[in-house]
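S.K.: If you scroll down you'll find the structure; I have some questions about it.
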Amino acid sequence: MQDDDTTLDDFDLRILERYQHDTQLPARTIAKAVGLSAAAVQRRLKRLRETGVIRREVAELAPQAVGLPITCLVAVDLERERAVELERFKRKMLGLAEVQQCYYVTGQADFILVVLVSSMEAYDDFTRRALLEDDNVRSFVTTIVMERVKTGVAVPLSSTARATARRR
């Protein structure tokens, strides 16, 4: 969890801009780009990990390369939205391997899921287990992704974000 007292300066943001796109970049390469020593970059990255600014570092896989060519966006509407029901649904989604992402949202749906499956038969099986057998799921609408145009988890570190970070 990020510490509220963590203040990100311009160097931190410039390091993060590069690092979030490629965690394999050597510290010396980042250092050269931002105007610090490699040791200073390493110290800052360590602090950013410890304070929770960097939450985790993972490999991004191509779903189709590992047998999951179908991406489904699923809008789920719950019958009851009591806290206990919301938490139960969240826990359930956390335990399903097919659910790549799960968002609790405002608007027409209560949750938006990103689901990866190998086939439409596998998606049908997923909906039966995860949604149709859940008596608190009122309805769901599925959109099948035709093409992944842009994916990722990079945070836009624009001048606005920099100004906000400096004020904290």
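The values are calculated or read from the model by the stated rules, or taken from the named source; none is laboratory data. Note that the structure is a prediction, hence the values are computed from the model and not measured. Neighbour counts run over all protein chains shown; Cβ positions are idealised from the backbone, glycine included. These accessible areas exclude ligands, DNA and RNA; they are computed on the full protein's heavy atoms, side chains included. Shrake-Rupley method; radii C 1.70, N 1.55, O 1.52, S 1.80 Å.
S.K.: With the cut-off at 1.5 for a/c, could you classify the stretch 102-153 from its C-alpha gyration tensor as rounded, prolate or oblate?
M.R.: Oblate, because a/c is 1.5 or more while a/b does not exceed b/c.
S.K.: OK, next. Could you report the stretch 1-126's accessible area per residue, 1.4 Å probe, as an integer in Å²?
M.R.: 62
S.K.: Cα convex hull of the stretch 1-119: mean projected area in nm², to one decimal?
M.R.: 10.4
S.K.: Taking the Cβ-Cβ separation of Y104 and L73 as r and a Förster radius of 22 Å, what is the calculated FRET efficiency to the nearest 0.05?
M.R.: It comes to 0.90.
S.K.: With all protein chains present, how much of the accessible area of the stretch 66-168 (probe radius 1.4 Å) comes from carbon and sulfur, to the nearest whole percent?
M.R.: Here it works out to 56 percent.
S.K.: Are there GluC sites (Glu not before Pro) in the stretch 1-60 that DSSP marks as loop and that have at most 11 other Cβ atoms within 10 Å, and which are they?
M.R.: E57, E60
S.K.: Select from the chain the helices, each a whole stretch of DSSP H, whose alpha-carbon atoms run 20 Å or more along the helix axis and whose Kyte-Doolittle mean is at least -1.0; answer none if there are none.
M.R.: Passing helices, by number: none.
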